[in-house]
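Student: One structure, as structure tokens, below. Some questions next.
The values are calculated or read from the model by the stated rules, or taken from the named source; none is laboratory data. Computed from a predicted structure; not experimentally measured. All Cβ positions, glycine included, derive from the backbone under ideal geometry; neighbour counts span all protein chains shown.
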Amino acid sequence: MTDIVLSGLSKRFGAISAVRDLTCSMTAGVTGFLGPNGAGKTTTLRLLLGLVRPTAGTATIGGRRYLDLPEPRRVVGALLDATGFHPGRTARQHLTISAAQSGLPASRVAPVLDRVALTGAADRRVRGYSLGMRQRLGLATALLGDPEVLILDEPGNGLDPAGLAWLRGLLRDLGAEGRTVVVSSHVLAEVQQIADRVVILGEGELRHAGPLDEPAGLEETFLRLTGGVA
């Protein structure tokens, strides 16, 4: 089991305080990582992945900063943007190159293609992929190292209703396997169906962390905690 622990995590960009004294933990299962636009979600995920440095505090995965993990792709898989693929490569080529760059065996390519239901389109060039197919390829890339932790930003973007149903099943299965799955999303109805717990941010601050056991439901609770109308 690999836990994510944020302790006093803060980040300022000049005069703007994007994240303020964020302290919480995320454990095995599915955690919905929520907040309105500008709440600090993306900044927090980037801090966790070592893409920006904190102003104060720490973000650790299994007790280590991401940058200190000896084989990070075997511990953490991330999907932050499903648009950064070379359009002239096929999905199989993209995954094979990504595996080689990360020191992962090429034998991982076929299983992840199958897990995200892209085997039939694996030899098509990515330029012909829909947004939903690119999301699946992003998920496959995140899964290449068979990681214990998955950090996914809007993984359902571009998926049709059948695709969303498939994604719900995949995320539930990954959480049931004992992985720590963090899903950032604005689609609260989807999160409510898959999350074991939620972390809610508002204006860079923690508003809730833990199981959502309030009878009001996720949407009403989210709006109340983040200053919306409910």
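Student: What tally of residues in region 168-180 results from selecting those that are crowded, with 21+ Cβ neighbours inside 10 Å and in contact with a Lys or Arg (Cβ under 9 Å, 6 or more places away or on another chain)?
Tutor: Qualifying residue count, region 168-180: 0.
Student: Does region 128-151 include one or more residues that are polar (S, T, N, Q), part of a helix (DSSP H, G or I) and more than 29 Å from Ser25 (Cβ to Cβ)?
Tutor: For region 128-151, residues polar (S, T, N, Q), part of a helix (DSSP H, G or I) and more than 29 Å from Ser25 (Cβ to Cβ): absent.
Student: Which of the residues belonging to region 45-56 are surrounded by 20 or more Cβ atoms within 10 Å (Cβ to Cβ) and assigned to a loop (DSSP other than H, G, I, E, B)?
Tutor: Residue satisfying the conditions is Pro54 alone.
Student: Taking into account only those residues within region 23-40 that are within 21 Å of Pro54 (Cα to Cα) and among the polar types (S, T, N, Q), which is modelled with the lowest pLDDT?
Tutor: Asn37
Student: In region 83-94, what count of residues is obtained for those that are in contact with a Lys or Arg (Cβ under 8 Å, 6 or more places away or on another chain) and surrounded by 12 or more Cβ atoms within 10 Å (Cβ to Cβ)?
Tutor: Residues flagged as in contact with a Lys or Arg (Cβ under 8 Å, 6 or more places away or on another chain) and surrounded by 12 or more Cβ atoms within 10 Å (Cβ to Cβ) within region 83-94 amount to 4.
Student: While we're here: Take the residues in region 9-26 that are in contact (Cβ under 8 Å) with a residue 12 or more places away in the chain and loosely packed, with under 15 Cβ neighbours inside 10 Å; name whichever of them is farthest from the chain's Cα centre (by Cα).
Tutor: Checked region 9-26; the qualifying residue farthest from the chain's Cα centre (by Cα) is Arg12.
Student: Scanning for something in contact with a Lys or Arg (Cβ under 6 Å, 6 or more places away or on another chain) and at pLDDT 95 or above, does region 54-74 turn up at least one residue?
Tutor: yes
Student: Now a separate question. So in region 187-219, with the set limited to residues that are assigned to a strand (DSSP E or B) and over 15 Å from the mean Cα position of the chain (by Cα), which one is surrounded by the most Cβ atoms within 10 Å (Cβ to Cβ)?
Tutor: Among those that are assigned to a strand (DSSP E or B) and over 15 Å from the mean Cα position of the chain (by Cα), it is Leu201.
Student: Within the set of pairs 6+ apart or on separate chains, which have a first residue in region 36-58 that is more than 26 Å from Phe222 (Cα to Cα), a second that is of a type in the set (S, T, N, Q) and assigned to a helix (DSSP H, G or I), and C-beta atoms under 8 Å apart?
Tutor: Close Cβ pairs satisfying both conditions: Val52/Thr43.
Student: Could you go through region 57-71 and let me know if any residue there is more than 17 Å from the chain's Cα centre (by Cα) and assigned to a helix (DSSP H, G or I).
Tutor: Yes, region 57-71 contains at least one residue that is more than 17 Å from the chain's Cα centre (by Cα) and assigned to a helix (DSSP H, G or I).
Student: If you scan region 34-44, which residues turn out to be buried (at least 24 other Cβ atoms within 10 Å of the Cβ) and of a type in the set (A, V, I, L, M, F, W, C)?
Tutor: Leu34
Student: If you check Gly29, Gly120, which single one turns out to be under 15 Å from the mean Cα position of the chain (by Cα) and either surrounded by fewer than 17 Cβ atoms within 10 Å (Cβ to Cβ) or not charged (D, E, K, R) (or both)?
Tutor: Gly29
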